[in-house]
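Undergrad: The structure that follows is given in the form of structure tokens.
The values are calculated or read from the model by the stated rules, or taken from the named source; none is laboratory data. From a predicted model like this one, the values you see are computed outputs, not experimental measurements. Every residue, glycine as well, gets a Cβ built from its backbone with ideal geometry; the counts of neighbours run over all protein chains shown.
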Amino acid sequence: MAKNSKRKKLTIAIDGPSGAGKSTVARSLAEQLGYIYIDTGAMYRSVAFRVKERGISPEDEWALTQLASSLHIVFSTEEGLTRIFCNGEEITSAIRTPEISRLASSISKQKGVREALVKMQREMGKEGGIVLEGRDIGTVVFPDAEVKFYLDAERDERARRRYHEMLEKGVKVDFKETQEELVQRDHHDMSRIHSPLKRADGAFLIDSTHRSVEEVVEEMVRIVKVRIQQIKCVE
């Protein structure tokens with residue numbers, strides 16, 4: 001009984017395709033709950049950044065696994081902004097280019113890379129009190145997460161969001177190319193052999209197509225609070 005009374009905070013998993021708004025929603029949800037936000041997609045982008053830097057082939061699984069296992073990735077949130085550091089170097093902006101996005105999608109298919117990062121993610125979240133977003137959080141990384149969400153949106157809306165996100169960051173992109181890249185990313189994520197993107201068992205499906213970030217987060221907070229009460233009742 002004493003163990004239950006000191007129960008750790010919840011682990012919240014948010015999965016979904018590119019452009020569904022996972023990062024923005026997860027960051028806001030974590031802030032409202034007083035939890036730690038972990039952007040797992042940024043972790044794959046961090047590996048991709050180092051892969052490009054060192055000229056490693058995205059098909060060389062051994063070299064990719066060795067690299068991923070050697071990296072020290074840290075998230076720092078200050079005044080609502082999340083910064084990413086890899087081996088002490090800030091790479092927040094450097095990993096947000098279309099090239100790194102494509103490379104991250106490619107290397108994420110490698111089993112060794114996924115295993116290395118999943119191990120890192122589980123270590124980050126072992127104490128609970130975290131909101132993680134990605135593509136295999138509720139299915140592979142934390143299948144026992146107390147709350148799971150699958151955040152989705154219509155494909156054209158997701159492409160529009162990604163297009164404007166790139167423009168706001170000063171990256172010159174073509175809308176048609178952005179749409180095509182998103183289609184390719186969806187295919188890669190959903191058809192890969194290891195940890196494909198899919199809705200986890202028990203995950204709440206939320207469509208963000210015609211809803212604001214505030215509306216989506218409000219619904220998530222409501223669901224989390226209900227879950228907390230359910231757990232208290234069981235204890």
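Undergrad: Among the listed residues V173, V183, which satisfies the condition of being modelled with pLDDT under 95, aliphatic (A, V, I, L, M) and in contact with a helix residue (DSSP H, G or I) (Cβ under 6 Å, 6 or more places away or on another chain)?
TA: V173
Undergrad: Condition check: in contact (Cβ under 8 Å) with a residue 12 or more places away in the chain, assigned to a strand (DSSP E or B) and out of contact with any Gly (no Cβ under 6 Å at 6 or more places or on another chain). Does E157 satisfy that?
TA: Spelling it out, it is not the case that E157 is in contact (Cβ under 8 Å) with a residue 12 or more places away in the chain, assigned to a strand (DSSP E or B) and out of contact with any Gly (no Cβ under 6 Å at 6 or more places or on another chain).
Undergrad: Please work out if I38 is assigned to a strand (DSSP E or B), within 20 Å of L197 (Cβ to Cβ) and at pLDDT 95 or above.
TA: no
Undergrad: Residue check: is T139 farther than 19 Å from T40 by Cβ, touching a residue at least 24 places away in the same chain (Cβ under 8 Å) and not aromatic (F, W, Y)? Explain how you work it out, then say what you get.
TA: Details: farther than 19 Å from T40 by Cβ: no; touching a residue at least 24 places away in the same chain (Cβ under 8 Å): yes; not aromatic (F, W, Y): yes.
No, not satisfied.
Undergrad: Turning to a different aspect of this structure: Considering only region 137-150, I want to know if a residue exists there that is modelled with pLDDT under 95, assigned to a strand (DSSP E or B), crowded, with 21+ Cβ neighbours inside 10 Å and not basic (K, R).
TA: no
Undergrad: Does region 78-101 contain any residue that is part of a strand (DSSP E or B), free of Cβ contacts under 8 Å to residues at least 60 places away in the same chain and aliphatic (A, V, I, L, M)?
TA: So far as region 78-101 goes, yes, one or more of its residues are part of a strand (DSSP E or B), free of Cβ contacts under 8 Å to residues at least 60 places away in the same chain and aliphatic (A, V, I, L, M).
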